[in-house]
Each structure stands twice: as C-alpha cells, then as structure tokens.
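Inspection log for the structure reproduced underneath, given as structure tokens.
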Amino acid sequence: MNRSSALLLAFVFLSGCQAMAPVSPDGTPPVEDSTPAPEKPKVYSSFSEETVFSLLSAELAGQRNRFDIALDNYVTQAINTQDPGISERAFRIAEYLGADQAALDTSLIWAKNAPDDLEAQRAAAIQLARAGRYDDSMVYMEKVLQGKGDTHFDFLALSAADTDQDTRNGLMKSFDRLLQKHPNNSQLIFGKALLLQQDDESEAALKLLEQHPPEDGEIAPILLRARLLQNLNRGKEAIPLLEKSIKKYPGDKRLLLTYARMLVEQDRMEDAKVQFANLVQQYPDDDELRYSLALVCLEAKAWDEAKGYLEDLIARESHVDSAHLNLGRIAEERNDPQAALLEYAQVGPGNDYLPAQLRQADILMSNGRTDEAEKRLAAARDAEPDYAIQLYLIQAETLSANKQGDRAWKILQQALLQYPDDLNLLYTRAMQAEKRNDLAQMEKDLRLIIKRDPDNAMALNALGYTLSDRTTRYAEAKELIEKAHQLNPEDPAVLDSLGWVNYRLGNLDEAERLLRQALERFPDQEVAAHLGEVLWANGKQREARQIWEKFLKEQPESPILRSTIKRLTGSETL
C-alpha cells in the first residue's frame with residue numbers, strides 16, 4: 001500500500017470511527033450503546049500524518065483482535081490531539097475492555113473538549129464515581145442536570161455504598177446543595193434516599209420517597225420504597241404498594257419479581273408459587289426464575305412440582321448441580337436414601353459439591369455403611385484435591401456425629417500430617433479433644449491457632465468457654481472471651497460464653513443480661529440451659545422453669561437441658 005492510499009484509507013476509518021464498535025475476541029459485536037446518535041455528525045479537525053497513521057494502526061489492530069494496541073494508540077492520540085471525537089472513541093474502547101484508568105482519562109479529555117455534549121459530561125461523572133472521586137463526579141453530573149440531560153445520581157449513590165462515612169457525608173451535602181436548586185428532581189431525590197438507606201436511616205429514606213411520589217415510568221423508587229418497608233418490619237404495607245404498581249405497570253419484570261420475593265419473605269409460599277409460575281410462563285427462557293420457582297416449591301413442600309422444575313433445569317443444562325442437590329433432598333424427605341445417594345453423586349465441583357458430599361456421608365453412616373462412606377470420601381479427595389481439607393473435615397465431623405469419635409480422631413491426625421498448618425483442622429481436632437476429655441490437647445491446639453491468628457475470635461471464645469466451664473481458671477477465661485467479644489460483639493456464642501464466665505465469677509446480674517441477649521439472638525438449648533441456671537441462682541426459679549419447659553417442648557431429649565434440670569431440681573422433669 002502506498003502512502004497516499006494509506007492516508008485515504010485512514011480518513012475513511014476516521015470519518016466512521018464514531019459509529020464503529022470494537023469487535024470482541026470471539027468475533028461478535030458488543031451490545032450497542034442505547035444512547036441516541038448526535039443529530040449533527042462530528043467534524044474532525046486536521047490531523048498530522050503521525051496521528052492519522054497511529055489511528056489507522058489502531059483500527060487495523062482492532063480488526064485483528066489486538067485491542068491492547070488499538071487502545072494504546074487511541075489513548076495516546078486523545079491526549080496529543082485533545083480531539084473530542086478521538087477521545088470519545090478511545091473512551092468507548094477503554095470502557096468496553098474494562099480498562100478503568102484509560103476510561104477515566106479519556107472521558108475527562110472528551111468532557112473537557114466537548115463542554116456542551118451532555119453524554120461526555122455524564123461519562124466523566126460516572127467514571128469519576130467509579131474511581132471514588134465523588135465530589136468531582138457531582139460537578140460533571142450537575143452540568144448534565146443543568147442541560148436537562150439524563151442524569152445518573154442513583155449510580156453515584158450506589159457506587160458510594162462501600163465507602164467510609166466521611167465520604168458519604170460529603171456526598172450527602174452535595175445532594176442537599178443540588179436539591180435546594182432542584183427540589184423536585186426525581187433522580188436527586190432517589191439518590192439521596194439511597195444514601196439514607198446506606199446509612200441505616202430507613203425511616204428518613206422512606207419519608208423522602210413518600211413525600212415525592214415517582215414520576216410516570218419510574219420503577220426504581222417504588223422498589224426501594226417496598227424494600228425500605230420490609231426493612232422496617234412493615235412488609236405487609238409493601239404488598240399493596242407493589243400490587244397497585246403492578247396494575248399500573250403490568251408487564252414490568254422487576255415489580256413482578258420483587259412482589260414474588262416479598263411473598264416468600266412473608267412466608268406466603270402458595271401465593272409466591274403462583275407468582276413465580278406466572279413469571280416462568282411470561283419468561284420461559286429465564287432459568288433463574290425457573291430455579292427460584294423450584295426452591296419456592298421446596299419451601300412449600302410441593303415435592304412433585306419441585307421435582308418437575310428441577311428435572312426441567314437438568315434437561316436444559318442449567319443449574320445442574322443445584323438441581324441434583326435438591327433432588328437428593330426431596331428423595332431424603334420421601335425416605336428414599338438410595339435415590340438421594342444417586343442424586344448427590346452427580347453433583348460436580350462447585351458451590352454444591354461439599355453439601356452433596358456431606359449428605360452422602362451422613363446417609364451412609366447413619367445406615368451403618370461407614371466403610372463405604374469413608375471410601376467415597378477418600379476417592380473424592382483423590383479426584384478433587386482442591387477440596388481435600390474440607391472433605392477431611394466432613395469425614396471427621398460426620399463420624400463424630402455418628403458416635404464414632406475414635407475414628408474421627410484418627411482421620412484428623414491423618415489430615416494434620418498432610419496439612420499441619422491448617423487452622424480449621426486444628427480447631428476441629430481441638431473440639432474432638434474436648435469431647436475425649438483431653439483438655440491439654442484441646443488447649444494446645446487452640447493456643448497454636450491463637451498464636452498464628454491472634455484475632456481468631458472462634459478459637460478465643462472456644463478456649464475461654466472451656467476454661468470457664470471445665471476448670472476454675474475463670475479470670476484467664478474471661479480475658480480470652482472479652483477479646484473475642486471485642487472482635488465479634490454481636491455473636492450470640494460469644495455472648496453466651498461471656499455470660500457464663502460472669503456466672504462462674506458470681507456476677508449474676510451481668511450474666512443474666514448477657515445470656516438474655518444471647519438467647520434473643522440465638523434461641524438454642526444450651527443458651528436456654530445457661531440462662532435458666534443463672535435465673536435459678538438469682539432467685540427467679542419460676543422464669544427458669546418456663547424457659548426450660550419451652551425449649552424441652554422443641555427438644556425433649558436435650559442432654560444439656562435434662563442434666564441442668566436434674567442437677568438443680570433433683571428431677572429430669574419439670
């Protein structure tokens with residue numbers, strides 16, 4: 001190709017570069033930008049030969065799937081020329097490739113050199129928000145607002161969700177400043193409501209949305225309002241809101257899906273099942289909906305319906321492992337362990353793999369087939385070495401649960417020979433040692449965990465609780481548990497331990513306060529036994545009996561409840 005021909009071809013490329021989209025590595029074009037094309041075509045200024053050839057090389061590189069060269073050339077020429085057309089093209093390529101820094105840099109060049117182009121200002125605002133520069137982002141988005149363009153203040157608010165409080169406070173001030181100028185702007189109102197929600201100010205967010213009803217066609221504020229009602233334990237009010245909105249926008253998938261999910265959250269499974277079935281009928285190619293419908297049927301114990309939808313998913317090669325896992329659960333519910341084993345065995349590596357292995361082991365061991373269970377787990381470790389540690393843990397814990405503690409101990413010893421530094425294996429061996437009354441080994445393992453991971457709240461709590469329950473080293477126990485409490489102040493297991501050690505130290509009122517908190521957060525037989533004992537010691541025997549009686553109805557054979565009651569009352573019955 002001679003030089004003049006190359007120049008001519010380059011100008012052909014340049015004149016069309018606004019309309020051209022980068023081609024993906026598999027040859028398929030990306031999804032087209034829904035932004036309307038500008039009414040007037042952009043006019044390119046005169047470029048040097050160096051620029052022309054650089055851009056020509058970029059376009060040819062793009063055709064050959066060398067997007068790194070295409071992007072590098074376009075970014076360089078956007079910087080050199082400051083041309084809005086070239087910078088926009090560079091931005092589009094960078095955005096498509098996920099090159100965040102290049103997208104930010106080129107969007108700012110584009111916005112600077114096309115001050116009246118609202119799309120350029122919006123692109124800069126969004127890229128600045130993605131980079132965490134929220135104040136700068138608001139400046140550009142305000143330009144879009146002043147130009148009466150389509151703003152994305154909701155994106156700015158959502159992108160700030162994981163930032164620190166000072167950043168969100170600054171962003172809130174910017175929203176308030178703009179709302180003083182534009183008090184009825186629905187995007188600003190919605191963005192502020194999102195910020196309030198992030199700050200756990202659901203009441204204020206809900207009030208703001210109720211004071212400013214959404215404009216026609218705006219669905220997101222309705223969905224947020226429904227979610228806020230649910231968060232405020234006013235979910236029953238969300239249902240009529242959604243039903244009214246669905247009548248107004250009968251085909252809106254987001255409304256229909258939110259409505260169906262809220263029915264599930266309110267335990268209205270039959271109604272939810274109807275709604276999800278309607279959604280599947282309307283969107284037959286959406287397997288996420290089909291899977292949700294199967295799960296709702298499972299919750300409603302509609303086994304046949306659930307089985308049908310799960311088998312449909314397998315036939316469609318979608319959610320295959322999850323479908324087999326849930327088909328196994330259905331088989332277990334129907335007391336067909338052999339069918340369950342067949343389903344669980346078909347679950348491959350992924351999120352459902354370990355639950356399926358656990359269920360297989362438990363079924364086999366509870367049916368006296370321990371050797372078979374252990375052989376399956378050993379074979380699984382060989383086949384999937386990435387899961388070896390978790391499979392050892394499943395084997396040990398399942399053996400222990402099936403009253404085969406000695407075999408569980410041997411498995412843990414074997415596992416720790418292979419993986420001596422694994423803290424989960426050490427912790428599990430410590431718990432097994434406690435069951436074997438080998439407190440020295442238990443303490444050794446837990447202290448090794450704490451040495452390697454000083455902020456391991458689980459190990460701190462386990463050691464502290466055991467020292468308070470099985471020894472008289474109460475002060476040492478309290479120090480360990482208090483550190484665990486500092487790390488996890490809301491953990492009911494830690495609250496239970498802290499209450500128990502205070503009881504051992506004679507601090508009955510503090511023990512009662514902490515154990516009440518623990519029981520409220522986690523209604524468990526052991527916590528109930530502890531609280532009852534503290535109440536008994538504190539002269540509140542009637543309330544203690546009431547608590548024990550309540551939990552005995554749920555777990556009549558609970559060993560800790562029975563032993564506590566017998567020790568304090570002289571009888572296992574109330």
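Determine, for Ile189, Ile246, the number of other Cβ atoms within 10 Å of each Cβ, and report the residues in order from fewest to most.
Fewest-to-most ranking of Ile189, Ile246: Ile246, Ile189.
Using Cα pairs closer than 8 Å and at least 6 residues apart in sequence, work out the relative contact order for the chain, in percent.
4
In the neighborhood of Ala373, defined by Cβ-to-Cβ distances under 15 Å, what is the net charge if each Lys or Arg adds +1 and each Asp or Glu adds -1?
+3
Please work out the Cα convex hull volume for region 190-270 and give it in Å³ per residue.
Normalising the Cα hull of region 190-270 by residue number yields 88 Å³.
Using all Cα-Cα distances in region 138-253, what percent lands in each 5 angstrom bin from 0 up to the longest?
With 5 Å bins starting at 0, P(r) equals 2, 11, 22, 22, 20, 13, 8, 3, 0.
Taking the inverse of the average 1/r across all pairs of different Cα atoms in region 454-509, what Kirkwood radius in Å do you get?
Across region 454-509, the inverse of the average 1/r is 10.6 Å.
In whole Å and largest first, what semi-axes does the C-alpha gyration tensor of region 38-184 yield when each eigenvalue is scaled by 5 and square-rooted?
Value: 32, 17, 11 Å, ordered largest first.
For the residues Trp409, Trp500, what sequence is obtained by ranking on other C-beta atoms within 10 Å, fewest first?
Going from sparsest to densest Cβ surroundings: Trp409, Trp500.
Could you list, in their original order, any pairs among Lys410/Lys435; Lys273/Lys301; Lys148/Lys173; Lys181/Lys207; Lys112/Lys143 whose Cα atoms are separated by more than 18 Å?
Those over the limit are Lys148/Lys173; Lys181/Lys207.
Using only DSSP helix segments of four residues or longer, with each worth -39500 (n - 2.57), what per-residue ellipticity at 222 nm results for the chain after dividing by its residue count and rounding to 500?
Roughly -23500 deg cm²/dmol at 222 nm, from the helical runs in the chain.
How do Ser87, Ser202, Ser468 line up, fewest other C-beta atoms within 10 Å first?
Lowest to highest Cβ neighbour count: Ser202, Ser468, Ser87.
Computed from the mean reciprocal separation of all distinct C-alpha pairs, what Kirkwood hydrodynamic radius does region 491-574 have, in Å?
Result for region 491-574, one decimal place: 12.3 Å.
Any chance you could give the angle, 0 to 90 degrees and rounded to 10, that helix 202-211 forms with the longest Cα principal axis of the chain?
The angle comes out near 40 degrees.
What full-extension length gain, to one decimal in nm, is calculated for Ala378 and Asn184 as 0.36 nm per residue of separation minus the Cα-Cα distance?
Gain on extension, Ala378 to Asn184, equals 63.3 nm.
Computed over the Cα atoms of the chain, what is the convex hull's projected area averaged over all directions, in nm²?
35.6
How big is region 420-527 on each of its three principal axes, counting only the C-alpha atoms and giving the largest first in Å?
Taking max minus min along each principal axis of the Cα atoms, region 420-527 gives 42, 25, 24 Å.
Give, to the nearest whole percent, the P(r) tail of region 355-404 beyond 12 angstrom, counting all Cα pairs.
In whole percent, the share of Cα-Cα pairs in region 355-404 beyond 12 Å is 55.
How fast does region 348-451 diffuse by Stokes-Einstein, in µm²/s, taking the Kirkwood radius from C-alpha pairs at 20 °C and 1.002 mPa s?
Translational D for this selection: 154 µm²/s.
How big is the Kirkwood radius of region 341-384, worked out from every pair of different alpha carbons and given in Å to one decimal?
The Cα-based Kirkwood calculation yields 10.4 Å.
Rounded to the nearest 0.05, what FRET efficiency do Asn351 and Ser48 give with R0 = 45 Å and r taken as the Cβ-Cβ distance? Could you check?
Efficiency, from the Cβ-Cβ distance: 0.25.
We did not get these values from a lab; they are worked out from the coordinates using the rules stated. Just so you know, these numbers come straight off a predicted model, no measurement behind them. Positions of Cβ are generated from backbone atoms using ideal geometry, with glycine treated the same way; all protein chains shown enter the neighbour counts.
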